[in-house]
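Right, one structure below, let's go through it.
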Amino acid sequence: MTITEQNPDTRLKRGITGPLLYLFILGDVLGAGVYALVGVISEEVGGAIWMPLMVALALALLTAGSYAELVTKYPKAGGAAVFAERAFRKPFISFLVGFCMLAAGVTSAAGLAQAFAGGYLTTFIDVPATPAALVFLVLLGLLNMRGIKESVRSNVVMTVIEVSGLVLVIVVVGIFVAAGNGDLSRVNEFPPGVGPASAVLAASLIAYYSFVGFEVSANVAEEVHDVSRVYPRALFGALLTAGVVYLLIGLASSAALAPDQLAGSSSPLLDVVTATGAGIPGWLFSLVALIAVANGALLTMIMSSRLTFGMAEQGLFPSVFDRVLHRRRTPWVAIVATTLVAMALTLTGGLESLSQTVVLLLLFVFLSTNIAVLVLRKDAVEHKHFRIPAVFPYLAIASCILLLTQQTAEIWFRTGILLAVGLALYGVQRLVRSRARRAVDQ
């Protein structure tokens with residue numbers, strides 16, 4: 001199908017090309033998760049690490065189809081909040097969806113800041129973790145302020161480095177196994193006394209975190225050249241590339257190390273490489289991990305600031321948040337606000353609880369988006385756009401509900417607190433608007 005580009009008016013600069021968008025999405029999906037989650041997944045499924053990773057990829061692709069249709073149909077900053085506004089025509093629902101996305105973004109950035117300031121950083125410099133995390137977020141905010149093109153170009157460099165680190169793991173283990181070492185039979189082993197189906201389902205929830213991040217790209221659609229043609233290719237290409245990398249990492253990890261050695265490791269890939277005896281220095285993987293974390297945090301903060309800007313343009317946030325720097329054309333007030341909130345969240349919880357909260361918040365967002373794509377099927381637009389067969393959004397809705405049932409009470413409680421804060425802000429905003437209208441009427 002030939003897809004042509006629409007030309008909506010925008011105050012943001014179109015500085016993202018197809019290759020840049022592909023690397024933008026790939027860098028956010030690969031991110032920091034794969035460097036830490038292999039050990040956690042192994043606790044659930046033993047050596048069959050690759051299975052939940054592939055299940056998570058399939059579930060992510062279902063929702064990605066809905067994003068591809070809606071982003072190319074309505075390429076505006078704001079992403080899921082814009083889709084909800086168009087589909088449900090209820091400002092409250094649009095605000096709630098946007099706030100979930102925003103809360104997930106700044107919560108993720110807070111967790112990544114903690115990861116950056118942890119053990120990997122102390123390999124090079126021994127500084128207190130909390131001040132280091134706060135300084136890290138300030139530096140990301142300054143880079144974000146400089147411009148989308150500069151930020152995404154930085155992402156290109158960091159993505160190449162983090163992918164190179166993963167490829168190095170795959171190559172080193174491949175040579176190790178080809179020499180008759182390791183044990184490939186472990187890739188289909190499950191922990192004793194655990195049913196394979198239940199183990200894979202439980203681990204898929206963890207693995208799903210490794211694939212979220214593609215939704216971030218919806219919030220820079222307004223800054224993409226030829227979005228209707230470029231976006232679907234970049235989105236699906238990046239997810240499939242990440243899936244291949246994760247598959248090979250899962251197989252390599254199990255082949256090189258026994259599950260009991262992988263389970264619970266905070267540096268599983270470093271342990272895998274060390275087990276091969278390749279002689280690669282430990283500081284190298286610490287450096288790659290730091291770059292991966294920084295890359296994920298940068299992209300998350302780009303998303304959060306653009307989402308705040310888009311919601312302000314939709315009237316869901318105060319208009320002050322849609323202010324743009326004259327020369328740089330970046331949403332500076334939104335960048336400052338989201339950076340400050342991420343810094344505050346850094347002080348409120350550990351990396352594990354923050355990352356699980358991110359997944360739960362995003363499941364609400366994905367559920368809304370998958371319903372919206374069905375509701376908006378009858379809404380015609382003047383330009384051609386990507387269209388996903390209707391069966392896939394229905395399957396995506398079922399997948400979100402399935403994953404929601406796997407969350408613990410603790411994470412539901414934490415998420416409930418965040419949503420209560422959002423509802424309070426919404427109530428205050430409505431009150432202020434109501435008083436302003438009464439003042440005008442008088």
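The values are calculated or read from the model by the stated rules, or taken from the named source; none is laboratory data. As the structure is a computational prediction, the values presented were derived from the model and not from experiment. Methodologically, a virtual Cβ is constructed for each residue, glycine included, from the backbone with ideal geometry; neighbour enumeration extends over all protein chains shown. Calculation scope for accessible area: heavy atoms of the full protein, side chains included, ligands and nucleic acids excluded. Shrake-Rupley method; radii C 1.70, N 1.55, O 1.52, S 1.80 Å.
Computed about the Cα centre, the dipole magnitude for the range 149-300 is approximately 200 debye when only Lys and Arg (+1) and Asp and Glu (-1) carry charge, each at its Cβ. Measuring nothing but protein heavy atoms, the accessible surface of the chain at 1.4 Å probe radius is 65 percent carbon and sulfur.
At R0 = 41 Å, how high is the FRET efficiency between Phe124 and Ala398 if r is their beta carbon distance? Nearest 0.05 is fine.
Details: r = 46 Å, r/R0 = 1.12.
For Phe124 and Ala398, the calculated efficiency is 0.35.
Each label was represented as a point 7 Å from its Cα along the Cα-to-Cβ direction; for Lys90 and Ser198 these points are 3.7 nm apart. Dipole orientation for the chain: of the candidates Val224, Leu345, Phe190, Val224 has the Cα lying most toward the positive pole (charges on Cβ; Lys, Arg +1; Asp, Glu -1). For the pair Ala439 and Met54, label points projected 7 Å from Cα toward Cβ lie 6.2 nm apart.
Using the Cα centre as the reference, give the magnitude of the dipole from point charges on the C-beta atoms of the range 162-239 (Lys, Arg: +1; Asp, Glu: -1; all else neutral), rounded to the nearest 20 debye.
The calculation lands at about 240 debye.
Fully extending the segment from Ile175 to Val336 would add 53.2 nm, taking 0.36 nm per residue of separation and subtracting the current Cα-Cα distance. For the chain, the solvent-accessible area works out to 40 Å² per residue, with a probe of 1.4 Å and every protein chain left in place.
Could you give the length gained by full extension between Thr405 and Asp260, i.e. 0.36 nm per residue of separation minus their alpha carbon distance, to one decimal place?
49.4 nm
When the Gaussian network model of the chain links Cα atoms closer than 10 Å, the mean-square fluctuations of Val324, Val216, Val34 top out at Val324. Want the number for Arg327 to Leu240: 0.36 nm per residue separation, take away the alpha-carbon distance, what's left? My answer for the length gained is 27.6 nm. Taking P(r) over Cα pairs in 20 Å bins from 0, in percent as calculated from this structure, the corresponding entry among [x] 29, 59, 12, 0; [y] 26, 58, 15, 1, 0; [z] 27, 50, 21, 3 is [y]. Each Cα pair of the range 250-390 feeds into the Kirkwood radius, which the Stokes-Einstein equation turns, at 37 °C and 0.692 mPa s, into a diffusion coefficient of 168 µm²/s.
Between the range 217-242 and the range 105-138, what is the C-alpha centre distance in whole Å? Each part reduced to its Cα centre gives a spacing of 29 Å.
Only Lys, Arg, Asp and Glu carry charge here, each on its Cβ (+1 for the first two, -1 for the last two); on that basis the chain has a dipole of about 1960 debye about its Cα centre.
In the range 195-327, taking the dipole from charged Cβ atoms about the Cα centre, the farthest positive-side position among Ser204, Gln261, Met303 is held by Met303. Lysine pair count for the chain (Cα-Cα distance under 20 Å; residues 8 or more apart in sequence or on different chains): 11. Across Met51, Met303, Met101, mean-square fluctuation computed from a Gaussian network of the chain (C-alpha pairs under 10 Å connected) peaks at Met51.
Look at the dipole of the range 33-120 built from charges on Cβ: of Ala104, Ser42, Ile93, the Cα furthest out on the positive end belongs to Ile93.
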